[in-house]
Amino acid sequence: MTKLLEKAQVVENKEVASGIYKCRLRTSKIAKECKPGNFINISVGSNSQFLLKRPFGVHNVIGNELEILYRVRGKGTDVMTSLVAGDSLDLLGPLGNGFSLFEGKKILLLGGGMGIAPLYYLEKELSKDNEVITMYAVKTREELVDIKVSNLVVHIDKEEGCFACDKLEDVLIKNNIEMLYICGPDALMKLSYQIAKKHGVYTEVSLEARMACGFGACVGCVVETVSGLKKVCNEGPVFKAEEIWG
Amino acid sequence: MKSLEVNLGKLVLQNPITTASGCFGYGTEYSDFVDLDSLGAITLKSITLNQREGNPTPRIAETPSGMMNSIGLANCGIKEFIQEKLPALEHLKKVKVIANIAGHSTEENVELAEILDGQKRVDAIELNISCPNVDAGGLAFCQDMAQLKVLLNKVRAKTDKPLIVKLAANVHDIVNLAQVCEGEGADMLSLINTVTGLEVDIENRKLFFSRGYAGLSGPAIRPIALKAVYDVSRVVKLPIIGMGGIANIDDVVKFLMVGADAVSVGMMNFVEPDISQRLVGGLQGYIRAKNIGLKDLTLN
Ligand SMILES: Cc1cc2nc3c(=O)[nH]c(=O)nc-3n(C[C@H](O)[C@H](O)[C@H](O)COP(=O)(O)O)c2cc1C
Ligand code: FES
């Protein structure tokens, strides 16, 4: 997969939940090359004193356009909120390995908070050939993004008084789930994997790391795995959960 | 087209644009973005005898107009370097390959130089005695002139390939250091490595990097780098590869004007992965527009 550098145009950039934005970008080639689980690197502004590109999971692809979902936290994303239609951005992608795709399986996707971002695109692809349930966990209703997938289970910690992983075992058993894909906070991914492992459910997780380059050159983004340190940007961001937690 | 060829003593580059160690992987990471054969030289990630995992995370912090790193010389080790990394560059005909070594001791550096001396694809060896991110070796070599002389002598004895010594600016007296290198047989100098700095994690009230100190790079250090090149080039005759914060063609010209013979692009490769090749074109355009040669890029 060739990594491409492009100028992309902002089509739309709007707040979709409290402090969470969806940005749609028109690309010439990158969008078409993106597979579920890939990420792209974005320059937030050439006049910024913050130079490094920011990685964002691909949230959706529609023809030449792709969408990202981002939470405002820090200077980079703060600047991004002021993007308007027609603005152009430097884009690098597709980056990373992506999720494994299967057919004819019963699959559960578990997204915690912003972890829902890459799972939406994954759902679109997987649901063509599999039975897919999407479990979307947030802390409060304010941060809930309206996600349109066919089998959606929303979990709001504050309202239910428990975490999504407390309900995971039930969902796995009731639906005879064979594979689980998780993206979210580390604690959620690790706990959920332990439950899935007990039931022999194959699990993949998508990790985050501080990155400088995004394509394997700086060795800044490593994560500990059972077989030594690996680069999240090009050996991941998707890993088999057993590679990370044994 | 005007020639961009530069003579760095024994090392001839088709143009003075090179890439900095640790910012260009082992070269192939950039082949989607850059025609590697269009560059003057590529300097590969520092290598050690054994594979090194490097420092714990976090290894990266962004700073205004730059970044800090505490990678800790993570690398694949000399064996894999020779078996896998160098062969992947075999097909390149024009670009020079500079192998950067960063042993933790004199003996390790000597052994690395000896092994690399036998490698055809290595056009020059850069000795990194300025890494701020390790306990042994690295910057420590710059603190002890007697030890440094022994190191340079012994490494020099093991290789006929052009020997570049890479220095940092945050030392007691960089000009003196450069003179020692010149006296002990170095063919060239690379100036500068990252500048040692500190970052704080205020949320957790601790130092951000596990080792505390880390190396600052990027446009933030460019004035420091320019001064180092300027000061050293007034006194020392060795060719100088200037680096530190190069982000555009004006920066390249500045380094050449204050005394660098070639330049190296570091962290900006992460930001604009095709920048090195664009700078080759940029430099060509610059001298054409001014109707001058590379040699005319000096201070008045
Ligand atoms: C992430 C990173 C890793 C680096 N690793 C090395 C290294 O292994 N060996 C070395 O000699 N210099 C290393 N450097 C220093 C660069 O080669 C260069 O000297 C320095 O970053 C200044 O140039 P710049 O401001 O253009 O980045 C590294 C720099 C960065 C940012
Ligand atoms: S972000 Fe540079 S190697 Fe992964």
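The values are calculated or read from the model by the stated rules, or taken from the named source; none is laboratory data. Not measured: the values here are computed from a predicted model. Using ideal geometry, Cβ is built from the backbone for each residue, glycine included, and neighbour counts are taken over all protein chains shown. Please note that ligands, DNA and RNA were not included when accessible areas were found on the heavy atoms of the full protein model with its side chains. Shrake-Rupley method; radii C 1.70, N 1.55, O 1.52, S 1.80 Å.
Can you pull out the strands (runs of 3 or more DSSP E) entirely within region B:155-221 that have at least 2 residues that are not aliphatic (A, V, I, L, M)?
B:195-198, B:213-217
Would you check if A:Phe239 is in contact with a Leu (Cβ under 7 Å, 6 or more places away or on another chain), within 16 Å of ligand 1 (Cβ to nearest atom), closer than 26 Å to B:Thr28 by Cα and not charged (D, E, K, R)?
Taking the combined requirement at face value, the residue does not satisfy it.
Can you name the residue in region B:227-250 that is in a helix (DSSP H, G or I) and under 27 Å from B:Pro273 (Cα atoms) and is also farthest from ligand 2 (Cβ to nearest atom) among such residues? So that I can check it myself, show each step before the final result.
Going through region B:227-250, the residues in a helix (DSSP H, G or I) turn out to be B:227-235, B:249-250.
With under 27 Å from B:Pro273 (Cα atoms) added as a condition, the list becomes B:227-229, B:249-250.
Details: B:Lys227: 29, B:Ala228: 27, B:Val229: 27, B:Ile249: 25, B:Asp250: 27 Å.
Per the criteria, the residue is B:Lys227.
Would you point out which residue out of B:Ala88, B:Ala20, B:Ala61 is open to solvent by 10 Å² or more (accessible area, probe 1.4 Å), among the hydrophobic types (A, V, I, L, M, F, W, C) and within 14 Å of chain A (Cβ to nearest Cβ)?
Criteria check complete, one pass: B:Ala88.
Got a sec? Which strands (runs of 3 or more DSSP E) wholly within region A:1-47 have at least 2 residues that are free of Cβ contacts under 8 Å to residues at least 60 places away in the same chain?
A:20-26, A:39-42
I'm trying to understand the selection: among the residues of region B:246-259, which are open to solvent by 10 Å² or more (accessible area, probe 1.4 Å) and of a type outside the set (Val, Ile, Thr)?
Here is the first cut: in region B:246-259, the residues open to solvent by 10 Å² or more (accessible area, probe 1.4 Å) are B:247-250, B:254, B:256-259.
Within region B:246-259, B:Ala247, B:Asn248, B:Asp250, B:Lys254, B:Leu256, B:Met257, B:Gly259 meet the criteria.
Out of all the residues in region B:8-21, which are touching a Pro at 6+ places or on another chain (Cβ under 8 Å) and either modelled with pLDDT of 95 or more or over 30 Å from B:Pro132 (Cα atoms) (or both)?
Of the residues in region B:8-21, the ones touching a Pro at 6+ places or on another chain (Cβ under 8 Å) are B:8-11.
Result: B:Leu8, B:Leu11.
If only one of A:Val232, A:Val201, A:Val223, A:Val205 is within 16 Å of ligand 1 (Cβ to nearest atom), β-branched (Val, Ile, Thr) and modelled with pLDDT of 95 or more, which one is it?
On the way: A:Val201 fails: within 16 Å of ligand 1 (Cβ to nearest atom); A:Val223 fails: within 16 Å of ligand 1 (Cβ to nearest atom); A:Val205 fails: within 16 Å of ligand 1 (Cβ to nearest atom).
Going through A:Val232, A:Val201, A:Val223, A:Val205 in turn, just one is within 16 Å of ligand 1 (Cβ to nearest atom), β-branched (Val, Ile, Thr) and modelled with pLDDT of 95 or more: A:Val232.
Quick one: what pairs do we get from region A:203-231, first residue more than 7 Å from every other protein chain (Cβ to nearest Cβ) and over 26 Å from A:Tyr120 (Cβ atoms), second more than 8 Å from ligand 2 (Cβ to nearest atom) and part of a loop (DSSP other than H, G, I, E, B), C-beta under 6 Å, 6+ apart or different chains?
Pairs found: A:Val226/A:Gly246.
How many residues are in contact with a Leu (Cβ under 8 Å, 6 or more places away or on another chain), within 14 Å of another protein chain (Cβ to nearest Cβ) and either aliphatic (A, V, I, L, M) or surrounded by fewer than 15 Cβ atoms within 10 Å (Cβ to Cβ) (or both) if we restrict to region A:1-43?
The number of residues fulfilling the criteria is 7.
I'd like to check something: does region A:233-244 contain any residue that is buried (at least 23 other Cβ atoms within 10 Å of the Cβ) and within 9 Å of chain B (Cβ to nearest Cβ)?
no
Among the residues of region B:75-101, what is the count of those that are under 12 Å from B:Asn50 (Cβ atoms) and of a type in the set (Gly, Ala, Ser)?
Residues in region B:75-101 being under 12 Å from B:Asn50 (Cβ atoms) and of a type in the set (Gly, Ala, Ser): 1 in total.
Listed residues A:Ile195, A:Ile182, A:Ile173, A:Ile177; which is away from chain B (no Cβ under 14 Å) and assigned to a strand (DSSP E or B)?
Only one candidate passes the filter, namely A:Ile182.
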